[in-house]
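Shown next, in structure tokens, is the structure this report addresses.
The values are calculated or read from the model by the stated rules, or taken from the named source; none is laboratory data. Just so we're clear, the structure is a prediction, and the values are computed from it rather than from any experiment. Every residue, glycine as well, gets a Cβ built from its backbone with ideal geometry; the counts of neighbours run over all protein chains shown. For the accessible areas, the whole protein counts, side chains as well, though only heavy atoms, and no ligand, DNA or RNA atoms are used. Shrake-Rupley method; radii C 1.70, N 1.55, O 1.52, S 1.80 Å.
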Amino acid sequence: MTRPPLHHPAGALARNGFALDVDPDAAGWGYSSLRVAALETGGSQTLATGEDEVVVLPLEGSCVVDIDGEKHELQGRSGVFAAVSDFVYAPRESTVTITSRDGGRFAIPGARARRRLPARYVPASDVAVELRGAGPASRQVVNFCTPDRFEADRLIACEVYTPGGNWSSYPPHKHDEERPGEETALEEIYYFEVGDGPTGPGMAYQRVYGTDDRPIDVLAEVRTGDIVLIPHGWHGPSVAVPGYDLYYLNVMAGPGAERAWRICDDPVHAWIRETWQDEPVDPRLPLTGPAPSE
């Protein structure tokens, strides 16, 4: 069986009315999905979740999300680098309609779910933000749908902000085996947005590599709207080139009975963590916080 490409430039997976639509069939795996709806002012997009649980996360703009007749107002944000956003969770076997109030783009990360949990809204002020790493490996992680912060059945999702010139998803790590207490098997999607410079759009780089038993090899120049699929293997670094801040949305899910995000560092590069103890976090962080209340 030939695996689909792992790096998809912006627009390459536009289908079914979405600017991006990658489901397990398109990815060649079993659990993780991501859609992005790009809507004009007053425009709507409807999605039947089927077997998937999903989150609606504004990337740009505000919206109303109707979940089986229950409406949720999302304040959203003017762009991913402007603020942390509120979001809403929708369960499997529901009908979701997103209506944009002022035009915008709305990410819909999803995962094949076993349980049908209740729909929930989370304001931006309740979303956990942490700083990881140190020095040029400093980054900001927004844990809006991680196992220790939000209940879901299988879906794990977070946002990562990396200042220009820094490296994140570092040291390289993997999560493709079920090893109790040490590692969980999770498919992962990286969706990228890159800050503009004074003369135009920015760029960044993503590395993915495998083992002798399970080879994989990606070194991709990524720009706003690109995705990289990671079915297995070591991934990282994600490199924010000097002058351009980097954002990425991580979407993960897998077959394990436990919803957990356990990673294993590449032992060749794991030593770098020890150097962070005496090094300060990049003072440019955090890049974002919650948007001011209306």
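Residue by residue, here is whether (1) closer than 30 Å to Pro280 by Cα; (2) crowded, with 19+ Cβ neighbours inside 10 Å holds:
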| residue | (1), (2) |
| --- | --- |
| Asp21 | no, no |
| Val64 | no, no |
| Val80 | yes, yes |
| Gly110 | no, yes |
| Ala119 | no, no |
| Ala128 | yes, no |
Inset, instruction - Kindly establish whether Ser32 is surrounded by 19 or more Cβ atoms within 10 Å (Cβ to Cβ), farther than 25 Å from Val228 by Cα and touching a residue at least 24 places away in the same chain (Cβ under 8 Å). - result: no
Inset, instruction - Could you tell me whether Thr211 is at pLDDT 95 or above, part of a loop (DSSP other than H, G, I, E, B), of a type in the set (Ser, Thr, Tyr) and open to solvent by 10 Å² or more (accessible area, probe 1.4 Å)? - result: no
Legend entry - Failed condition for Glu70, given (1) of a type outside the set (Gly, Ala, Ser); (2) in contact with a strand residue (DSSP E or B) (Cβ under 8 Å, 6 or more places away or on another chain); (3) free of Cβ contacts under 8 Å to residues at least 60 places away in the same chain: (2)
Legend entry - Test result for Arg154, of a type in the set (Lys, Arg) and free of Cβ contacts under 8 Å to residues at least 40 places away in the same chain: no
Inset, instruction - Determine whether Ala185 is of a type in the set (Gly, Ala, Ser), under 18 Å from the mean Cα position of the chain (by Cα), modelled with pLDDT of 95 or more and under 18 Å from Leu59 (Cβ atoms). - result: no
Legend entry - Meets criteria (in contact (Cβ under 8 Å) with a residue 24 or more places away in the chain and open to solvent by 10 Å² or more (accessible area, probe 1.4 Å)) for Tyr161: no
Inset, instruction - Return yes or no: is Gln45 in a strand (DSSP E or B), touching a residue at least 24 places away in the same chain (Cβ under 8 Å), farther than 18 Å from Asp21 by Cβ and over 17 Å from the mean Cα position of the chain (by Cα)? - result: no
Inset, instruction - Take the residues in segment 217-242 that are closer than 18 Å to Gln140 by Cβ and of a type in the set (Gly, Ala, Ser), then tell me which one is surrounded by the fewest Cβ atoms within 10 Å (Cβ to Cβ). - result: Gly236
Legend entry - Selected residue [touching a Leu at 6+ places or on another chain (Cβ under 8 Å), crowded, with 22+ Cβ neighbours inside 10 Å and in a loop (DSSP other than H, G, I, E, B)] from Asp176, Asp153: Asp176
Inset, instruction - State whether the residues of segment 147-162 include one that is more than 24 Å from Gly256 (Cβ to Cβ) and out of contact with any Pro (no Cβ under 7 Å at 6 or more places or on another chain). - result: yes
Legend entry - Residues satisfying the stated conditions in segment 51-80, i.e. under 18 Å from Leu20 (Cα atoms) and in a loop (DSSP other than H, G, I, E, B): Gly79, Val80
Legend entry - Of all residues in segment 35-51 being out of contact with any Pro (no Cβ under 9 Å at 6 or more places or on another chain) and charged (D, E, K, R), the one that is surrounded by the fewest Cβ atoms within 10 Å (Cβ to Cβ): Glu40
Legend entry - Hits in segment 7-19 (condition: touching a residue at least 40 places away in the same chain (Cβ under 8 Å) and either surrounded by fewer than 18 Cβ atoms within 10 Å (Cβ to Cβ) or assigned to a loop (DSSP other than H, G, I, E, B) (or both)): His7, Pro9, Ala10, Gly11, Leu13, Ala19
Legend entry - Condition broken by Pro4, with the remaining ones in (1) modelled with pLDDT under 95; (2) surrounded by fewer than 14 Cβ atoms within 10 Å (Cβ to Cβ) satisfied: (2)
